[in-house]
Amino acid sequence: MRRVTSFAVVLALFAAALAHAQRVEEEDLPLEEATSPEQWAEIESKFAEAEEIFRSREQDRSIELFGQLIERLQPLPVATEEEAARWKELMAQALSYRARGAFNFGEAQQARRDLEVLLQLQPEYEMDRTEVSSKLLDLFDSMKERLVGFLEILADPTDAAIIVDGIPFDSSSGPVAVLAGSYRVESSRPGFDFLSQEVEVEAGKTLTVELPMERTSAVLVIRTWPRGATVRTDGIEQGTTGEAVSPDWLPSGPAAVKPRDEIGELFIGGLELGPHEVEVRLEGYRTFLGRVELDELRDYPLQPILLELEAGIVVLDRIPYGAEVTANDRVVQPRIGDSGRPQLVLPPDDYRIEVRQGTLGVFETRVTVVDQKTIDLEVDLKPGLVLMGVLGGDRVGADKLESGLERAIEEVGRWAFLDRTAEGPQLLSPLGLEADVLRDMGKRGALDNPSIDWKRVQAAGDARTPGAVYLLAVLTDDLVASEADLWIWAAAPAAGRPDLRRIRLEDSEALAELAAAFSSSITQARPDLGALLIDSAAAAGPVVANLRQGGPAQRSGLQVGDEITAFSGAPILTVAQFREALGQQPAGKLTKLEIRRGTTTMQLELGAGAGARVVDVTDPSRIHAVLAAEIAAELARGESSTPRWILELNQAAVLLQSGAFEEAVRILRAVQAPAGEPLGKATVEYLLGVALLHSDARYQDRAREQFARAASDPEGRLLYADGPWVAPRARARLAALGGQ
Amino acid sequence: MATMTKTIGIAVRAFVPSLVLLAAFALPALGQAADEGAAQRLMLEAQRFEQQGQVEDALEEYRVLISEFPQSSLAPTALLQSALLQAQRGETDRAFATAQRLIDGYGRDPAAAAAWVLQGELRQSTADTLIDLDEARGLFRRVPLLFLHSSFPGLAARSRALFRAGETSLLLGSLDEAAAAFIETIEDERALSWKGQARIELASIWLWQGDWAAAADVLQRVLEGTANSSSPQDRAIAHLARERLTLVHRLRIRPLAGQRPWSRAGQLGIPGLTLEGATGVAAHDDGRLLVVDDDEQVLLIDFEGRIDARVTWRGAEHPFFGFDGRAYVTVGDAAQSPGGARQPFTIGGEKPKTLDKLSAAQRGIFGDWIVADRSTGGIALFDRNGLFLRSAMADQLGEVGDMARDARGRLYLLDRKDRSVVITGPDGSRLARVSLAARKPEALAVDHLGNIYILDRGEGTITILADDGSPIALLGPTLPDGTELRAPRDLAVDGAGRLYIADAKLPYLLLVE
């Protein structure tokens, strides 16, 4: 509790104020009881006003004003030493002015009372002799002569702590004015006897007290950076280095670069001569252990102990350039360590380390950092699948789905499963993604709802819970759910449109099927034969139905009508068998084929090539958001074995199937596809025609132009070099549009 | 339930004035939830009735749901189910009206897309003219326009509508438009259900348009995509694809490679099949065979070579498969289907005349009947119910000895007297006449490519012509295995281009492949 200073007990006003200020600090006073800056400003303003009136012709009015000010100051709470000094100064000045005013207007008694209180408050107070009348000065001097004496204390050693009536006392600069009377003087210093004696200060005289202290033990002086370390000697706790260092101590060495106020000291007395173990301990820092030999009774100031932070090292191997690293959600900057590898130096703790780089993906792991230990991490960036939440009241079903999803995705191994169920629903709810709304949409198989802007949803995820693909599950029932709708969308720059999957919670294969969509790659090459093989009930094996001019099959000598009966000596009955066998061969490797041509059986060597392929986005097992994320990652990686234009073609194909026709048009117009290749210019022209056709009725003429171009290339293919022919498709679309 | 909720609301307001505001906000929501629950119960009940075959009860449950809870999310589904049940019961007009109610009341609900499709299918199934078919196509075409796949990506009804639009375009003779619709079904849609059939149809169009390599590519993909499926529908599609690929191999690739389309001939081995001189044979693209012999046995054989039906009908002859896929033979004055109803043919007018010397019959794309009778010239046309419509081409046809129909609904009439084949469109319009070099043309068949097979009884040969009359091949009189045709009476060609010859002097069917 704050003790309010009282004019009635003004005898020890300053002392009380100071003591009071110290208590306030200790007791952590509630704020509402402190004197606010506004109150101080108001008081000082009133003081200035009264001072101005004092110096005017209406000086008499100032007496009352200073009186009010004194009344106001009396109960004012002070909370710090600074406030106490401020209070003391204002009170002394107010008393002084009122005394002068009262004296000038003949109220000598009032003046005398005020000066007495003033000297009790501030025995060393001196009036400005240039301003004050000689009569008042005489009065003041006589009163001071009668009330105030001087005290000087000379302690040996000089750094001993002197306490007078419980208050620290410093007479190093000469005798100090005090009220005449008796005082209890105490001196203390580690390693010396404690002295205490009663002294009597007479008014108008100077009392010099000598305090020769007798050394009783050696003293260990310990200074630490930072302050606050606990010191033990021989296992006995001696205190903490919480005190500020002595003003006359000059740091040297490494301690000199540390801020002085961060260094604390501790004097430890009472130690016997001989060896002592010293232990300095501070949480978060490595413990210092040392040994000192005390040979004689003197002070032993040790070199300042700069405590070292406890830290372990986490090495991040294969971290990509420009990746952002966080440790427990705090961004940290890897540095190149002594080993030349990027590393983090972290205080011991449990950490969730996350490395993220744009669309390349995310690497997340948990580590326990131990002091002075190194953890090697191989950063394997995987696209992040962010589970944004499972909406619906059936928490049993939700938990089951959540854990099932995590397990299924982790089994795939190519994705990082990022659980953001804690923040996801709160993030998405204001954007309209509520269970009821999504259930209704799911029931109708509708992706659009006026209250949902998927672009905003995508942007929110990218900003707050970034990943490559987002998944929000909605249970179809709040009580006992048997099914869940999975809303899946990709991060930018993919189209901000979701995929919708419904799965049965009891169906273990449903999650496996879902996971399969996360496991297939978009960058697989496909053997290029340059031939159309068909199955025929009238043939002994796959029949060569068509050959691409100059293609691998034709170069190998195959002819239309040939029936393939064996592949590397193994009988072949169907095209599927042939394809499987070919798929297991390295590209370009010569393979022996047995063929039947008419009635003749012959052998030849086939050297199939390999070509890129565009993913079949109409395959219902594919999830467009997943494809979009994979393509974006491949494009960002820049080191893909798949040509960039193929990746862009993939990107456009996904956008087409997602209904983002305008974006598909934009990408297709920029694709630099090679001319004269089966998978090339005609492919792009055809897809561009489809995108234009669907994007807006205004672009039908443009679509027609694209289809006409695509139709003019008889060898253009979709998906891959041996893929479906473009030309007949383009012709049909063109004819349906009324083109020629 | 709605009434109960209201009562609770009144009670709350009467006793707890401070809850008035809360009740005003909360109770409508509670009421909606209760309504949805009640609607759900009705839906489950209706579905249970449906499963038990209690159609009337199911319809009543749906009716209550629709009238009591029109705001329920289940109301559109209830309307659709009602319309489907009505359609199943043959209540075409009622089903159409129910579908219209769904479209009018819940136009943006995906069930409305299914309602458009149902309306189109009802129009298609009851079409009597090309105009009716065109109207059906218009209904199908609306679905992709109203239900964009960017908003409804997996909408099965749109996929179905596109397929049906292609199908009707095909019958209307708009091959490019049909191809475009099938391509959209395959490339732009995610729903799987119609992709297989769309690919088969697309391949057919390209075969007819001469782009057989692209067609073969599509068929091969269908085969590989369905070959390992256990679904009967997939298996049927795989079979069809394999048959068509074999046809392409036989009649396109082999000639290109300088090889003969047919290299073997022999007895068709069907377990349990014994014939007393085969007199008639018909083959369907899907592999089924219909055989008639001198003992007036009628045998239906499935695509796996098993006898599916065996009946004996006095006077049975001229087997054929109608456009509806059913097997028929002529029996006296009527067409009869094994296991089906008998359809007699009588020419109307002032002097009604029963046609009792039928020489050939077919069933067209509208379910209509085309009949040739030895006692009358030309052909007689009857509607789907056997009602006489008109006689046609009496002045253009001498004696119609046989007729066949191709997959596009075109009719091929063999004029024995004039030794020619007259080709008409599905609506009866004459398209072409192909003159034959045959001495005694006895029977004809048409394969999926539109090639015409003429059995010449006089020469004991089979001539194969393209639909423009250009010769492709000649078989006989000695077949590849050395068999000589002695009394050939009929021939058929299946989806793979296998030839089946009915010879009255042989106790089995001859197979040439």
Exercise for the section: Compute the convex hull volume of the Cα atoms of region A:126-273, divide it by the residue count, and report the result per residue in Å³ as a whole number. Expected result: 151
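Take each uninterrupted DSSP H stretch in chain B, measure its Cα extent along the helix axis, and return the ones at 18 Å or beyond whose mean Kyte-Doolittle hydropathy is at least -0.5. The partial results should precede the final answer.
Numbers: long enough: B:2-15 (20 Å, 0.89); B:20-51 (46 Å, 0.35); B:55-68 (19 Å, -0.13); B:75-88 (20 Å, 0.63); B:92-105 (20 Å, -0.34); B:110-125 (23 Å, 0.13); B:130-146 (24 Å, 0.37); B:156-171 (23 Å, 0.11); B:195-208 (20 Å, 0.13); B:212-226 (21 Å, 0.41); B:232-248 (24 Å, -0.24).
Result, helices passing both filters: B:2-15, B:20-51, B:55-68, B:75-88, B:92-105, B:110-125, B:130-146, B:156-171, B:195-208, B:212-226, B:232-248.
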Exercise for the section: Just the number, please: percent antiparallel of the DSSP beta bridges in chain A, rounded to the nearest 5. Expected result: 80
Problem - Additional length obtainable on full extension of the chain from A:Trp40 to A:Gln549, 0.36 nm per residue less Cα span - result: 173.5 nm
Exercise for the section: Give me the distance in nm between label points sitting 7 Å out from Cα along the Cα-to-Cβ direction at A:Arg55 and A:Glu324, one decimal. Expected result: 6.0
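Over all pairs of distinct alpha carbons, what does the Kirkwood formula give as the hydrodynamic radius of region B:275-322, in Å? The partial results should precede the final answer.
Numbers: mean 1/r = 0.0948 Å⁻¹.
Averaging 1/r across every pair of different Cα atoms and inverting gives 10.5 Å.
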Problem - Rounded Å value of the spacing that divides the Cα centres of region B:409-477 and region A:327-342 - result: 85
Handout entry: Sites A:Gln74 and A:Ser182, calculated FRET efficiency, Cβ-Cβ separation with R0 41 Å, nearest 0.05
Key = 0.90
Handout entry: B:Ser231, A:Ser556, A:Ser640 arranged by Cβ crowding within 10 Å, fewest neighbours leading
Key = B:Ser231, A:Ser640, A:Ser556
Problem - Most positive-pole-ward Cα, B:Leu251, B:Ala115, B:Thr129, against dipole of chain B from beta carbon charges - result: B:Leu251
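Could you tell me which chymotrypsin sites (Phe, Trp or Tyr not before Pro) in region A:254-336 are loop residues by DSSP with no more than 16 other beta carbons within 10 angstrom of their beta carbon?
Taking region A:254-336 and a limit of 16 other Cβ atoms within 10 Å, the loop chymotrypsin sites (Phe, Trp or Tyr not before Pro) found are A:Tyr321.
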Practice task
Any chance you could get the radius of gyration and Dmax over the Cα atoms of region A:640-709, in Å?
Solution key: 11.5, 38
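About its Cα centre, how strong a charge dipole does the protein assembly as shown have in debye, to the nearest 20, once Lys and Arg get +1 and Asp and Glu get -1 at the Cβ?
Working: 134 positive and 185 negative charges, 1582 e Å.
Value, rounded to 20: 7600 debye.
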Fill in the blank from the handout: Treating every alpha carbon of region A:578-655 as one equal point scatterer without solvent, the Debye formula yields log10 I(q)/I(0) values at q = 0.13, 0.22, 0.23, 0.27 Å⁻¹ of -0.60, -0.99, -1.04, -1.19
Fill in the blank from the handout: Check: C-alpha center region A:200-259 vs C-alpha center region B:259-282, spacing in Å is 121
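Find the relative contact order for chain B and round it to a whole percent, using C-alpha pairs within less than 8 Å whose residues are 6+ positions apart.
Numbers: 1057 pairs, mean separation 46.1, N = 513.
Relative contact order comes out at 9 percent.
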Completion exercise
Rounded to a whole number, the mean other protein chain Cβ count within 10 angstrom for residues of A:723-736 is 6
Handout entry: Dimensionless Rg ratio for the protein assembly as shown, taking C-alpha atoms and the 2.2 N^0.38 Å reference
Key = 1.54
Fill in the blank from the handout: Beyond 31 Å (Cα-Cα) in this structure, taken from B:Lys351/B:Lys505; A:Lys88/A:Lys258; A:Lys443/A:Lys681; A:Lys135/A:Lys205; B:Lys353/B:Lys440, we find B:Lys351/B:Lys505; A:Lys88/A:Lys258; A:Lys443/A:Lys681
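Please give the per residue volume of the convex hull enclosing the alpha carbon atoms of region B:138-259, rounded to a whole number of Å³.
On the way: hull volume 12.1 nm³, N = 122.
In region B:138-259, the Cα hull volume divided by residue count equals 100 Å³.
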Problem - Mean projected area in nm² (Cα convex hull; one quarter of hull surface) for region A:64-211 - result: 10.1
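Given Cα positions, please report Rg to Rh for region B:258-391, the hydrodynamic radius being the Kirkwood one. Write down the numbers at each step before the final one.
Values: Rg = 16.3 Å, Rh = 15.8 Å.
My calculation puts Rg/Rh at 1.03.
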Problem - Estimated inter-spin distance, A:Asp170 and B:Asp302, nm [label 7 Å along Cα→Cβ] - result: 11.2
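If you take the alpha carbon radius of gyration of chain A and divide it by 2.2 N^0.38 Å, what ratio comes out, to two decimals? Write down the numbers at each step before the final one.
On the way: Rg = 45.2 Å, N = 740, 2.2 N^0.38 = 27.1 Å.
For chain A, the normalised Cα radius of gyration is 1.67.
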Handout entry: Principal axis dimensions, chain B - Cα atoms, whole angstrom, descending
Key = 105, 58, 43
Practice task
Mind computing the radius of gyration and Dmax over the alpha-carbon atoms of region A:553-703? Å is fine for both.
Solution key: 19.8, 58
Exercise for the section: Taking H placed 1.01 Å from N in the peptide plane, check which residues at least 5 places from A:Leu418 or on another chain put their amide H under 5 Å from its amide H. Expected result: A:Leu385, A:Val386, A:Leu387
Exercise for the section: Over chain A, calculate the relative contact order: mean separation of alpha carbon pairs under 8 Å at least 6 apart, over the residue count, as a percent. Expected result: 6
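At 0.36 nm per residue, minus the direct Cα-Cα distance, what do A:Ala537 and A:Trp249 gain on full extension? Give it in nm, one decimal, please. Don't skip to the end; give the middle numbers.
Details: separation 288, 0.36 × 288 = 103.68 nm, distance 10.43 nm.
Once the chain is fully extended between A:Ala537 and A:Trp249, it gains 93.2 nm.
Convert 37 °C to kelvin, take the viscosity as 0.692 mPa s, use the Kirkwood radius over C-alpha pairs of region A:378-519 as Rh, and evaluate the Stokes-Einstein diffusion coefficient in µm²/s, rounded to a whole number.
The estimated diffusion coefficient comes to 218 µm²/s.
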Handout entry: More than 17 angstrom apart: percent of Cα pairs within region A:158-215
Key = 36
Practice task
In nm, give the distance between the simple-model label positions of A:Asp436 and B:Asn385, each being 7 Å from the Cα along the Cα-to-Cβ direction.
Solution key: 5.2
Exercise for the section: Can you find, among B:Leu474, B:Leu84, B:Leu148, the residue farthest towards the positive end of the dipole of chain B? Put +1 on the C-beta of Lys and Arg, -1 on that of Asp and Glu. Expected result: B:Leu148
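Can you give the FRET efficiency to the nearest 0.05 for A:Asp193 and A:Asp349, using r as the Cβ-Cβ distance and R₀ = 41 Å? Let's see the in-between values first.
Numbers: r = 48 Å, r/R0 = 1.17.
That pair, A:Asp193 with A:Asp349, gives E of 0.30.
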Handout entry: Rh by Kirkwood over Cα pairs, then Stokes-Einstein D for region B:77-159 at 1.002 mPa s and 20 °C, µm²/s
Key = 169
Exercise for the section: With N denoting the number of residues in region A:699-740, provide Rg(C-alpha) divided by 2.2 N^0.38 Å, to two decimal places. Expected result: 1.11
Practice task
Would you list the P(r) distribution for region A:48-135, with all Cα-Cα distances sorted into 5 Å bins from 0 and each bin expressed as a whole %?
Solution key: 3, 14, 25, 27, 19, 8, 4, 1
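None of the figures in this text is laboratory data; all of them are computed from the coordinates on show. The model shown is predicted, which means the values in this text are computed figures rather than measured ones. With ideal geometry, Cβ positions are generated from the backbone for all residues, glycine too; neighbour counts draw on all protein chains shown.
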